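The values are calculated or read from the model by the stated rules, or taken from the named source; none is laboratory data. Since this is a predicted model, take the numbers as computed values, not measurements. Using ideal geometry, Cβ is built from the backbone for each residue, glycine included, and neighbour counts are taken over all protein chains shown.
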Amino acid sequence: MFFFIALGNPPEKQLVWDSAYRLSWSDFKGQPQENVDAVAITASGLSSSFSARTSPTRLVDYTYTVIAHFYPEKSWFKPGKVNEIVLAHEQLHFDITELNARKLRQNIAEFNFTLNIKPEMNFLVDKANKDLAIMQELYDDQSNYSMSIEAQKKWQIYVKNELLKLANYK
């Protein structure tokens, strides 16, 4: 028996997280929302897929991919109201997405899947997406949307260190 599932289909246009690439304002191609206080929005998220081979009695093997994406068409900024501090804040949102991608990869690698791999995988992916949303919100709250330079620096150090800890799950 063989099956394949793709979870969280990403939009057509996207950037895949890369440690060597830093976002620039030219990556933000969406239309700014004038009715909100935000001066920039980063749209990022996780996509994942897996395939598995099973016998009637056991899971034979499986493969998976987890990718952190940035969505240019859904990301935007208000010209004249942003600066490099705001750009660094938005980059860290993307970095937090990669951090959570690595955590998901680790959780998948360490999980003891059974013949129920599909619901087990769905559980891990759902949890990862919830954890990502919580971390993104906490980051915005604690950094006051980039206004608290001290908190912003603490988050940058934290995310950098966590990414290094999870380097095996790049």
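Name the residues in region 155-170 that are among the hydroxyl-bearing types (Ser, Thr, Tyr) and either farther than 17 Å from residue 67 by Cα or free of Cβ contacts under 8 Å to residues at least 12 places away in the same chain (or both), would you?
158
Tell me which residues, restricted to region 96-117, are in contact with a helix residue (DSSP H, G or I) (Cβ under 7 Å, 6 or more places away or on another chain), part of a helix (DSSP H, G or I) and farther than 13 Å from residue 170 by Cβ.
96, 97, 100, 107, 108 - these are the residues of region 96-117 that are in contact with a helix residue (DSSP H, G or I) (Cβ under 7 Å, 6 or more places away or on another chain), part of a helix (DSSP H, G or I) and farther than 13 Å from residue 170 by Cβ.
So, in region 1-31, exactly how many residues are over 16 Å from the mean Cα position of the chain (by Cα) and either at pLDDT 55 or above or of a type in the set (Ser, Thr, Tyr) (or both)?
9
Could you grab me the full set of residues in region 150-167 that are part of a helix (DSSP H, G or I) and in contact with a helix residue (DSSP H, G or I) (Cβ under 7 Å, 6 or more places away or on another chain)?
151, 152, 155, 156, 159, 162, 163
For residue 88, all conditions in the list (1) in a helix (DSSP H, G or I); (2) at pLDDT below 95; (3) not polar (S, T, N, Q) hold save one; what is the number of the exception?
Result: residue 88 fails condition (2) only.
Considering only residues that are in contact (Cβ under 8 Å) with a residue 40 or more places away in the chain and either more than 21 Å from residue 97 (Cβ to Cβ) or not β-branched (Val, Ile, Thr) (or both), which ones fall in region 113-139? Break it down stepwise before answering.
Step one: filter region 113-139 for residues in contact (Cβ under 8 Å) with a residue 40 or more places away in the chain, giving 113-115, 117-118, 121-122, 125, 128-129, 132, 136, 139.
Matches in region 113-139: 113, 114, 115, 117, 118, 121, 122, 128, 129, 132, 136, 139.
For residue 22, state whether it is assigned to a loop (DSSP other than H, G, I, E, B), closer than 20 Å to residue 167 by Cβ and not β-branched (Val, Ile, Thr).
Yes.
Only residues that are within 15 Å of residue 16 (Cα to Cα) and touching a residue at least 24 places away in the same chain (Cβ under 8 Å): list them for region 50-89, please.
66, 67, 68, 69, 70, 71, 72, 73, 74, 75
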